């Protein structure tokens, strides 16, 4: 049965999952967990929290499989759910931050991302951190379009379908996101003496 599931479309797997086939749930998770995690991690900037939000994404998606339209790409559907979960996490984080105002500044700092290998040079890590910080500061609508297009490799049409906007709107958001990133990187560039 696993071999047959390997060749099944996402729509067929979703139908099997709705009928109670546990292997179909596993196969959908296997196919999409890396992409969902990358998207969530990029949207949130928090590797540890992204694992939890990725899990929440799949729980929500599987709970809502009756609303999935198999004529549309599963990838776009679950990406939309993932972005919503990341946004919810951001709102909860803002509330937690408000309650933690009395904590010392260093207690709220994040743990460095250990996904970057030790073989990377310190300068490369700093550049990567500057880019990630600049992306995290983008408004949500610009960040989502940029992440879906550049990190997830979706076409402009897929991004438009995922976000529920026109392709022209996606094009405009991508242009603005890249402009803001360029400006942020210029301002944050290390000063040479």
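The values are calculated or read from the model by the stated rules, or taken from the named source; none is laboratory data. Since we're looking at a predicted model, the values are computed, not measured. Cβ: placed from backbone, ideal geometry, glycine included. Neighbour counts: every protein chain shown.
Could you tell me which of the residues 57, 29 is surrounded by fewer than 20 Cβ atoms within 10 Å (Cβ to Cβ), assigned to a helix (DSSP H, G or I) and either modelled with pLDDT of 90 or more or within 12 Å of the chain's Cα centre (by Cα) (or both)?
On the way: 57 fails: surrounded by fewer than 20 Cβ atoms within 10 Å (Cβ to Cβ).
After ruling out the rest, the residue left standing is 29.
For the range 48-61, state whether one or more residues are more than 24 Å from residue 160 (Cβ to Cβ), outside the structural domain of residue 131 (by TED's automatic domain parsing) and touching a residue at least 40 places away in the same chain (Cβ under 8 Å).
Checked against the condition, which is being more than 24 Å from residue 160 (Cβ to Cβ), outside the structural domain of residue 131 (by TED's automatic domain parsing) and touching a residue at least 40 places away in the same chain (Cβ under 8 Å), the range 48-61 yields at least one hit.
Quick one: is residue 88 over 24 Å from residue 142 (Cβ atoms), within 20 Å of the chain's Cα centre (by Cα), at pLDDT below 90 and not assigned by TED's automatic domain parsing to the domain that holds residue 142?
On the way: over 24 Å from residue 142 (Cβ atoms): no; within 20 Å of the chain's Cα centre (by Cα): yes; at pLDDT below 90: yes; not assigned by TED's automatic domain parsing to the domain that holds residue 142: yes.
Answer is no for this residue.
Checking the conditions here, which among 50, 35, 17, 43 is over 22 Å from residue 139 (Cα atoms) and either at pLDDT below 90 or assigned to a helix (DSSP H, G or I) (or both)? Break it down into steps so the answer makes sense when it comes.
Numbers: 50 fails: over 22 Å from residue 139 (Cα atoms); 35 fails: over 22 Å from residue 139 (Cα atoms); 43 fails: over 22 Å from residue 139 (Cα atoms).
Testing whether each residue is over 22 Å from residue 139 (Cα atoms) and either at pLDDT below 90 or assigned to a helix (DSSP H, G or I) (or both) leaves just 17.
Among the residues of the range 162-190, write down those that are within 16 Å of residue 75 (Cβ to Cβ) and surrounded by fewer than 19 Cβ atoms within 10 Å (Cβ to Cβ).
Once the filter is applied, which keeps residues that are within 16 Å of residue 75 (Cβ to Cβ) and surrounded by fewer than 19 Cβ atoms within 10 Å (Cβ to Cβ), the range 162-190 yields only 164.
If the Cβ limit is 8 Å and pairs must be 6+ apart or interchain, which residue in the range 155-181 that is in the same structural domain as residue 139 (by TED's automatic domain parsing) and at negative phi pairs with which residue that is buried (at least 18 other Cβ atoms within 10 Å of the Cβ) and outside any helix (DSSP H, G or I)?
162/154; 177/138; 180/138; 181/138
Taking only the range 62-80 into account, find how many residues are over 17 Å from residue 35 (Cβ atoms), in contact (Cβ under 8 Å) with a residue 12 or more places away in the chain and not in a helix (DSSP H, G or I). Quick ask: steps written out before the conclusion?
Initially, the range 62-80 is screened for residues over 17 Å from residue 35 (Cβ atoms), giving 63-67, 69-71.
Okay, now just the ones that are also in contact (Cβ under 8 Å) with a residue 12 or more places away in the chain, so 64-66, 70-71.
Okay, now just the ones that are also not in a helix (DSSP H, G or I), so 64, 70-71.
The total comes to 3.
What number of residues in the range 141-154 are free of Cβ contacts under 8 Å to residues at least 60 places away in the same chain and in a helix (DSSP H, G or I)? Full working, then the answer.
At the first step, the residues of the range 141-154 found to be free of Cβ contacts under 8 Å to residues at least 60 places away in the same chain are 141-142, 145-146, 149-150, 153.
Of the ones still in play, those that are also in a helix (DSSP H, G or I) are 141-142, 145-146, 149-150.
Result for the range 141-154: 6.
Farther than 30 Å from residue 177 by Cβ and touching a residue at least 24 places away in the same chain (Cβ under 8 Å): is that true of residue 15 in this structure? Lay out the reasoning, then the answer.
Working: farther than 30 Å from residue 177 by Cβ: yes; touching a residue at least 24 places away in the same chain (Cβ under 8 Å): yes.
Considered against the rule, which asks whether it is farther than 30 Å from residue 177 by Cβ and touching a residue at least 24 places away in the same chain (Cβ under 8 Å), residue 15 comes out as yes.
Starting from residues that are part of a helix (DSSP H, G or I) and touching a helix residue (DSSP H, G or I) at 6+ places or on another chain (Cβ under 9 Å), keep the ones in the range 3-14 and report whichever is surrounded by the fewest Cβ atoms within 10 Å (Cβ to Cβ). Walk me through how you get there before you give the answer.
Taking the range 3-14 first, the residues part of a helix (DSSP H, G or I) are 3-7, 10-14.
Now narrow it down to the ones that are touching a helix residue (DSSP H, G or I) at 6+ places or on another chain (Cβ under 9 Å): 5-6, 10-14.
Values: 5: 18, 6: 10, 10: 20, 11: 15, 12: 15, 13: 23, 14: 23.
Once the filter is applied, the top-ranked residue is 6.
Here is a list of conditions, (1) modelled with pLDDT under 65; (2) under 17 Å from the mean Cα position of the chain (by Cα); (3) more than 14 Å from residue 41 (Cα to Cα), and residue 115 meets all of them except one; can you say which number that is?
(3)
Name the one entry in 72, 38 that is within 12 Å of the chain's Cα centre (by Cα), surrounded by fewer than 18 Cβ atoms within 10 Å (Cβ to Cβ) and closer than 14 Å to residue 154 by Cβ.
38
Based on what the data block shows, is residue 17 outside the structural domain of residue 145 (by TED's automatic domain parsing), surrounded by 19 or more Cβ atoms within 10 Å (Cβ to Cβ) and over 24 Å from residue 160 (Cβ atoms)?
On the way: outside the structural domain of residue 145 (by TED's automatic domain parsing): yes; surrounded by 19 or more Cβ atoms within 10 Å (Cβ to Cβ): yes; over 24 Å from residue 160 (Cβ atoms): yes.
The answer is yes for residue 17.
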